[in-house]
Structure formats: C-alpha cells, structure tokens
Amino acid sequence: VYLPVDEQEFAPAESDAVAAPAALGSKVILLIDEEEPIRHQVKRGLEHYGCTVLIGGDGPEGLEVFRRERERIDLVLLDLSMPGMSGQEILAQLRFLDSAVKVVLFTGYAVHEGEFEGVEAILQKPIMMDDIERTLHGVLEV
C-alpha cells in the first residue's frame, strides 16, 4: 500500500537542524602532541572551524615550528605529558621565546588552573571538539 507523504512531517524541525560550527576565523594554532590519532582528530576539528593548524609531533619539533612560525601563531595547544620533553619544559621554552604566547594545555591527569603560570586554560582528556572550540573562542576573543 502506498500512501501520499506529507513532506512537512519529515522535514527537520529547527531544533533538529545541525548548527553550523562557530568560526574561529583565520587563526593559526600550533598543536604539540606525540599521539598521531589525537593530532589528526584535533587538526581536522580545528580546520572545520576555519583555523590553520601547524603540527609538532613532540617537544623539539613543536619548538622548532614555533621558532620558525611564531609571527603567525595565535595560540599553542600543548599536551602536558609527553615522553622525552614534558609539556612543562616545552611551556618554559615557549615562554622564553615569546613571553606573550597564548597556551592552552590539555592533559589526562588531574591538574588545577593555578598550577601553571601564564596558561590561558587547561582542558581535561578526553577532549571534545566543542570544549576546544569554546575554550579557543574565549582565549582568542573571537
């Protein structure tokens, strides 16, 4: 049995519509994390919001990218715990190179906002892209 379909009945309600991502503009973010799957997901998410994402796969690589591109970088998104060179050591080097650099840390460990001087925010893993987007909007004042 075929019945005529009322097209309005199947049209998505306004509340069901997927909201467009809030643009972060043409911001340049340096992402420093040793875990490739995290780098891939966060990079894709940030690019979805309009950002250009530079990658550092570990501390030394991230610092090299920062030295080379610091004039373009609006914010560093930094994993706190990495092998070899810790996020705290990287943070100290970033501050040495540019005391005004904006840094958002992310970690799987319990930490408090006041533990790290000069950090704009700390995000707890697992991180959701919505959390990153909201945090970056606040930090970058977009």
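The values are calculated or read from the model by the stated rules, or taken from the named source; none is laboratory data. Here the structure is a predicted model, which is why all the values come from computation and not from measurement. For neighbour counting, all protein chains shown are included, and Cβ atoms are generated from backbone atoms with ideal geometry for every residue, glycine included. We work out accessible area using only protein heavy atoms, side chains counted, and drop any ligands, DNA or RNA first. Shrake-Rupley method; radii C 1.70, N 1.55, O 1.52, S 1.80 Å.
Each label was represented as a point 7 Å from its Cα along the Cα-to-Cβ direction; for residue 129 and residue 111 these points are 2.4 nm apart. Spin-label model, residue 26/residue 70: points 7 Å from Cα along the beta carbon direction are separated by 2.3 nm. In this simple spin-label model, placing a label point 7 Å from the Cα along the Cα-to-Cβ direction at both residue 137 and residue 52 gives a separation of 2.4 nm.
Note on surface exposure: 29, 55, 73 rank 55, 73, 29 by accessible area, highest first, 1.4 Å probe.
Restricting attention to region 98-142, which chymotrypsin sites (Phe, Trp or Tyr not before Pro) occupy a DSSP loop and are surrounded by at most 12 other Cβ atoms within 10 Å? Taking region 98-142 and a limit of 12 other Cβ atoms within 10 Å, the loop chymotrypsin sites (Phe, Trp or Tyr not before Pro) found are 109.
Taking all protein chains together and rolling a 1.4 Å probe, residue 27 ends up with roughly 60 Å² accessible. Across 79, 58, the residue with the most accessible area heads the list, and the full order at a 1.4 Å probe is 58, 79.
Note on residue 44: accessible area is roughly 150 Å² with a 1.4 Å probe, heavy atoms of protein only. Computed with a 1.4 Å probe over protein heavy atoms only, the accessible area of residue 137 comes to about 40 Å².
Length gained on full extension, residue 81 to residue 41: 12.6 nm, using 0.36 nm per residue less the C-alpha separation.
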